[in-house]
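Inspection log for the structure reproduced underneath, given as C-alpha cells.
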Amino acid sequence: MSVILDGKALSRKIREEIKKEVENFTSKGFRAPSLAVILVGEDPASKVYVNNKRKACEKVGIKSLFYHLSENTEEEKLLGLIYELNTNEEVDGILVQLPLPKHIDQTKVILSINPEKDVDGFHPENMGKLVGQIEDGFIPCTPLGIDILLKHYGIEVQGKDVVIVGAGFIVGRPLSLLMLWRNATVTVCHIYTKDLKKHTLQADILISATGVPYLIKEDMVKDGAVVVDVGISKVNGKIVGDVDFEKVKEKAYAITPVPGGVGPMTVTALLINTLKAYKRKFSHLSSTINP
Ligand code: GUN
C-alpha cells in the first residue's frame with residue numbers, strides 16, 4: 001500500500017494561505033487581484049474546468065471576469081478582447097481555455113497575450129524563461145502544481161530518473177523542462193516511442209499525461225516508484241486517470257489519485273500565478289506565498 005499524494009488536501013491548505021494573503025492586501029485598501037477567463041464554444045469538459053477555476057478564484061477573494069464567446073466567434077474579435085484585457089490596469093491575469101475552435105489560430109492567440117498577464121505560462125517569453133530557469137516567469141499550471149505536490153511530500157527530484165509519458169504543449173513539454181530545472185534525469189515518451197514499457201520501468205518518478213485510460217499497468221512500474229497521474233478521462237460515466245490505480249498502488253511508493261491528485265493542484269497553481277501577477281504591480285507588498 002502506497003502513500004497517497006493528496007492534491008485535494010494540499011490545495012485546501014495552500015488556498016487558505018492565499019485567501020489570507022489576499023485579505024491582507026484588500027484590508028489595506030488595495031483592490032482585489034483579478035483573473036479574466038475566456039471560453040470560446042461549448043466543449044463540456046472545458047466548461048467544467050473553467051467553472052472550477054472561477055469558483056476557486058472567488059473562494060480565495062480573486063475576482064474572476066468571465067467572457068464566454070460563441071463557437072463561431074471570429075479570431076479578430078477574440079484578439080480584440082485580449083488586447084483590451086492586456087491594457088486594462090484592473091486585470092492581473094488572462095486565461096484563454098484551450099483547445100480553441102479549429103478556425104482560430106491558437107499560436108496567434110497565445111502570442112497576443114501580455115506575457116506579464118500570461119498566468120498559464122504558455123507565451124514563448126514565459127516558456128523561454130522556463131528554459132532559462134528565470135524565476136520571474138510564469139510556469140504552466142499543471143507542471144507547477146506537480147512540483148509543489150512532490151516538494152510537499154518530501155519527494156526528492158534531484159538526480160532521479162523522471163520519465164514523462166506524453167509530450168504535449170500544456171503538460172509534458174513544460175514539465176520536462178521544470179524537472180530538468182530540478183536536476184532530474186528526464187526522459188519524455190510519446191506516441192512514436194518504440195518500447196514504452198522499457199522506459200517506464202526505469203522511472204524513479206513516473207508521470208503520465210496522455211489522456212489514455214489505464215495506459216500505465218502494474219508491469220510497467222518499478223517497485224517503489226512514485227507515480228503521478230495527470231490523465232482525466234470518463235469511462236462508463238466514471239472519472240479515471242492514465243494509471244491502473246488499484247493495481248499500481250500496491251507497487252508504488254507513492255501515487256496520486258484521480259480525481260483528487262493533480263487536478264486540484266493545477267487550479268491551485270493558477271491561483272498562485274494570478275497572485276504573482278498581481279503582486280508584481282504592487283512590488284512593495286510583502287509575500288508569504290512561494291513561488
Ligand atoms: N486546457 C487544458 N488544460 C489547460 C490549461 O492548463 N490551461 C488552459 N488555458 N487550457 C487548458
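Key figures
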{"read-out": "Those aspartates and glutamates that a straight Cα-Cα span of less than 16 Å connects to Lys249, excepting residues fewer than 8 apart in one chain", "value": "Asp6, Asp204, Glu218, Asp219, Asp223, Asp229"}
{"read-out": "Given charges at Cβ of Lys, Arg, Asp, Glu: the chain dipole, positive-most of Asn24, Phe122, Gly145", "value": "Asn24"}
{"read-out": "GluC sites (Glu not before Pro) restricted to DSSP loop in the range 73-163 with at most 16 other C-beta within 10 Å", "value": "Glu74, Glu89, Glu90, Glu135, Glu156"}
{"read-out": "Sum of -39500 (n - 2.57) over DSSP H runs of 4+, divided by residues of the chain (222 nm, nearest 500)", "value": "-12500 deg cm²/dmol"}
{"read-out": "Gyration tensor (Cα) of the range 4-43, equivalent ellipsoid semi-axes in angstrom", "value": "24, 22, 4"}
{"read-out": "Length-normalised contact order of the chain in % [C-alpha pairs under 8 Å, at least 6 apart]", "value": "22"}
{"read-out": "Mean Cβ count within 10 Å, highest first, over the residues of peptides 24-37, 219-232", "value": "219-232, 24-37"}
{"read-out": "28 Å Cα-Cα threshold exceeded, pairs from Lys151/Lys217; Lys47/Lys238; Lys194/Lys222; Lys160/Lys281; Lys13/Lys102; Lys160/Lys217", "value": "Lys160/Lys281; Lys13/Lys102"}
{"read-out": "Contact order relative to length of the range 169-291, as percent, for alpha carbon pairs under 8 angstrom and 6 or more apart", "value": "18"}
{"read-out": "Hydrodynamic radius by Kirkwood, which averages 1/r over all alpha carbon pairs of the range 65-107, in angstrom", "value": "11.3"}
{"read-out": "Vicinal HN-Hα couplings computed from phi for the range 253-259 (Karplus, 6.51 cos²θ - 1.76 cosθ + 1.60; Hz; Gly/Pro x)", "value": "6, 8, 8, 8, x, 10, x"}
{"read-out": "Debye intensity ratio in log₁₀ form over the Cα atoms of the range 92-142, taken at each q of 0.14, 0.17, 0.19, 0.27 Å⁻¹", "value": "-0.34, -0.48, -0.59, -1.04"}
{"read-out": "Stokes-Einstein diffusion coefficient of the range 36-149, Kirkwood radius over Cα pairs, 10 °C, 1.306 mPa s, in µm²/s", "value": "107"}
{"read-out": "Relative counts (whole %) of C-alpha pair distances in the range 155-204, using bins that are 5 Å wide", "value": "5, 23, 30, 24, 15, 2"}
{"read-out": "Euclidean distance of C-alpha centroids, the range 99-170 and the range 20-47, integer Å", "value": "19"}
{"read-out": "Contour excess over end-to-end distance, with Cα ends at Glu23 and Lys197 and 0.36 nm allotted per residue", "value": "57.8 nm"}
{"read-out": "Over the chain: Kirkwood hydrodynamic radius from C-alpha pairwise inverse distances, Å", "value": "19.6"}
{"read-out": "5 Å-binned pair-distance histogram of the range 146-291 (Cα, whole percent)", "value": "2, 9, 18, 22, 20, 13, 7, 5, 3, 1, 0"}
{"read-out": "By accessible area with a 1.4 Å probe, ligands and nucleic acids excluded, highest first: order of Glu23, Glu17", "value": "Glu23, Glu17"}
{"read-out": "Magnitude of the charge dipole, the range 46-183, Cβ model with Lys/Arg +1 and Asp/Glu -1, debye to 20", "value": "580"}
{"read-out": "Nonlocal amide H pairs with His190, under 5 Å, H built at 1.01 Å", "value": "Gly166"}
{"read-out": "Trypsin sites (Lys or Arg not before Pro) within the range 64-158: DSSP coil, no more than 11 neighbouring Cβ in 10 Å", "value": "Lys102"}
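The values are calculated or read from the model by the stated rules, or taken from the named source; none is laboratory data. Treat the numbers as computed from the prediction; the structure is a model and nothing was measured. Quick reminder, even Gly has a Cβ in these numbers, built from the backbone with ideal geometry, and neighbours come from all protein chains shown. Side chains included, ligands, DNA and RNA excluded: accessible areas come from the protein's heavy atoms. Shrake-Rupley method; radii C 1.70, N 1.55, O 1.52, S 1.80 Å.
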